[in-house]
Each structure stands twice: as structure tokens, then as C-alpha cells.
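Student: Dumping the structure here so I can ask a few things about it.
The values are calculated or read from the model by the stated rules, or taken from the named source; none is laboratory data. This one's a predicted model, so the numbers in the text were calculated from it and none came from an experiment. Cβ placement follows ideal geometry from the backbone for every residue including glycine, while neighbour counts extend to all protein chains displayed.
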Amino acid sequence: MCIRSDFLILLLLLGACSAKKPSEAIQLLGEAQGTYYSIIYFDKEGRNVQSEIDSILDAFDQSVSLWVPESILCRINRNDSSAVPDQFFIDNFTISQQVAIETGGAFDMTIGPLAKAWGFGSDGVKHVDPQIVDSLLSLVGYQKVQLVNGEVTKSDPRISFDFNAVAQGYSVDVVGGFLDRCGIHDYLVDIGGEVKAKGRKSDGSLWKIGIEQPAKDKNSYRVLSAVVELENASIATSGNYRKYFEEDGVRYSHTIDPKSGYPAKQTLLSATILCESTAFADAYATACMVMGLEKSLAFVNSNPNLEGFFIYTTPEGFASVATEGFKNKITKEFNE
């Protein structure tokens, strides 16, 4: 990332801590999956578990990263018969299939060939014409793949998987699960902006998370649109105003519509989803960027386990709308 956003969250977290605590906050900062991670937790034993977390995240990359050539994911994409799905791969596959079904294909893990063609994979931006899009669409479709008894089958060997819209959120859940097993139950895990909050800070206050305001371009300074308080919940945001490229005066966002084969064209600038699982929040947020504002609102409102905050374009600039449950979490909303 060109401009790191973890400091926005850290300022909110550290600035609200009281002077007297039964245990001091432990803060871990590092890199994973091509982005940052920021973990803050309270542990009466004062343990530093960074080396263990780094090992977990490294093992995770060896499973489902597109940027590790010998990862299980990349080997399965190459149809390497010796590649055996591990639990990380199986979970990401299963979650992706569930979200694909629930969203009518707005989310699809077989977007790999299109993502690569549009330049949002590891090979950089490429020129894409309608003939290329049409040919690659035949390789996209969650119904064309199966995972049965630990074996992946594809209707066409050229089909490839892309877990980028779920894996980062899932890794947050994995780290959170590790902290839980360590007996650490008051923490905030942030990996690349996907966040899980558990318990409370040592002064009894809730964790505060900032939601970024849409920017005019990818190099603009990051400012907040709203601040929310969380306890035992996860939050993830997908937006089309940071990751994009421009060609011949046209801006192409990184979120690709699996049905059209082209980057999603919606008035929706960002979708923030709140739920128990960070992996699901991550995947649902991406699906919302494909579905657009009205369908996303209807989808989230129909699911009692989800809450949403959406920022969209208007003739005057942009505006936001939140579900009732999400509104109750907002402690501060900034002028747009």
C-alpha cells in the first residue's frame, strides 16, 4: 500500500486508553499478504506472541497466496496433482462457495482468469478487449468447481481460483482464534484494514474503528468518514477508489463483475460489512460492490447477522447510508 491506513485505527485505539490498567496494551506491527498487520491485545501474563503469529501468517501464505508460486492455491491452479488442499484452502473454498450461492454469483472465487487478464493479479495491468473477456467468461462460475473428500475438481482445467476477496479476512479470524487459544480474549486484529474486535480495552471501553472516506484518487490523504465502536464483531470494507488503473481516460476498478467480465460499474464507492466472521465480512463487502447500492441494502437487511454502511456517489459528491444496527455502532460521523 502506498499510504498505510493502520495509523488511523491506532490513533483511535491508543488515544482512548486510560492511565491505569490491570494490564498494559501489547502492540504488534508487521507485514503479511503484501500489506500490514496491526494487533493490539491485553494479556495479564504480558506475553509477546509475534513470532507465533508470523509463523501462522507465513503458513497461511504457503496455502492460499497467489503471490507465492509454490502455494497450494497456485499449484492447484496449475493442476498439480500432488497439491493437497489443507484446512486453510478448504475453509476459503467453502466460505467462497457459500457467499457465491447467497449472492447469486456476485461473489465468485473462479474470477482468477479475469482478474489476471485485467491486471489485478501478480503480472500487472494488461490491455483487455471484448474478445478476451468473452473467452475468459467461459472459465468463470462457482458451479464449475467442487471440493469433495479433499479433492478439487474443475469442469475445465484452465479454471483458476482467486481467494483475495476472502483470504485476508479469513487470516484475521485465524489470528483471532490463536489468541483465543492462548487465553487472550481482549484484542483487536487488523490485517490490511480487515478487523476483528474481541472483548474490551482494559479500562472497559469498546474498541473504536475508523471508516475511510472515499478519496478523489489513490494518492489522496486518508481521512475518516465515521467512527464505530465494536465488541466481539468483525468489520471489513471494500472500495473502488484506491485500487484501480486508468487507460485512455477510463478508470477501471479492481472489483470485477463475474457475470459481465468487466470491472463493476456502480454508484457505490465503498461497502462496509459488520458481522461475526471477518472472512464473511470481507467476502460480503466485495459482493456488495458488484451488486450495487440498492441490492446490497436489500441483501444486508434480509440477513439478521449482517449490518452495513455504504458510501455512494451523488450529483453533489457522495453520501452515505447505514442499516439500523450499524447506525447504533457509530459514535462519530464526519461531514461529507
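Student: So for the stretch 159-170 (the condition being loosely packed, with under 14 Cβ neighbours inside 10 Å, at pLDDT 95 or above and more than 19 Å from the chain's Cα centre (by Cα)), does at least one residue qualify?
Tutor: Looking for residues that are loosely packed, with under 14 Cβ neighbours inside 10 Å, at pLDDT 95 or above and more than 19 Å from the chain's Cα centre (by Cα), one finds none in the stretch 159-170, hence no.
Student: Go through the stretch 20-45 residue by residue and tally those that are assigned to a loop (DSSP other than H, G, I, E, B) and either closer than 15 Å to V195 by Cβ or at pLDDT 95 or above (or both).
Tutor: 2
Student: Follow-up. It is to be established whether one or more residues within the stretch 52-71 are in contact (Cβ under 8 Å) with a residue 24 or more places away in the chain, farther than 30 Å from Q27 by Cα, surrounded by 15 or more Cβ atoms within 10 Å (Cβ to Cβ) and not polar (S, T, N, Q).
Tutor: no
Student: Still on this structure, I have one more. Across the stretch 303-336, which residue is modelled with the highest pLDDT among those that are surrounded by 14 or more Cβ atoms within 10 Å (Cβ to Cβ) and among the acidic types (D, E)?
Tutor: E307
Student: For a quick check of your reading of the model, give me the residue pairs whose first member lies in the stretch 78-93 and is without any contact (Cβ under 8 Å) to a residue 40 or more places away in the chain and in a loop (DSSP other than H, G, I, E, B), whose second is among the small types (G, A, S) and surrounded by 15 or more Cβ atoms within 10 Å (Cβ to Cβ), with beta-carbon atoms closer than 8 Å and at least 6 apart or on different chains.
Tutor: D86/S63
Student: Further question: Which number in (1) closer than 23 Å to T237 by Cβ; (2) in contact with a Lys or Arg (Cβ under 7 Å, 6 or more places away or on another chain); (3) of a type in the set (V, I, T) marks the one condition that V166 misses?
Tutor: (2)
Student: Would you check if there is a residue in the stretch 211-219 being modelled with pLDDT under 95 and part of a strand (DSSP E or B)?
Tutor: Yes, the stretch 211-219 contains at least one residue that is modelled with pLDDT under 95 and part of a strand (DSSP E or B).
Student: So C288 passes all but one of these: (1) in contact with an Asp or Glu (Cβ under 6 Å, 6 or more places away or on another chain); (2) surrounded by 21 or more Cβ atoms within 10 Å (Cβ to Cβ). Which condition number does it fail?
Tutor: (1)
Student: Where residues in the stretch 231-266 are modelled with pLDDT under 95, aliphatic (A, V, I, L, M) and not in a loop (DSSP other than H, G, I, E, B), which of them is surrounded by the most Cβ atoms within 10 Å (Cβ to Cβ)?
Tutor: Filtering first and then ranking leaves I256.
Student: While we're here: If you take the residues of the stretch 297-309 that are touching a strand residue (DSSP E or B) at 6+ places or on another chain (Cβ under 6 Å) and not in a loop (DSSP other than H, G, I, E, B), which of them is farthest from Q266 (Cα to Cα)?
Tutor: Selected residue: E307.
Student: Using the structure shown, decide if G112 is of a type outside the set (V, I, T), touching a helix residue (DSSP H, G or I) at 6+ places or on another chain (Cβ under 9 Å), modelled with pLDDT of 90 or more and within 29 Å of K295 (Cα to Cα).
Tutor: For G112, the condition - of a type outside the set (V, I, T), touching a helix residue (DSSP H, G or I) at 6+ places or on another chain (Cβ under 9 Å), modelled with pLDDT of 90 or more and within 29 Å of K295 (Cα to Cα) - is met.
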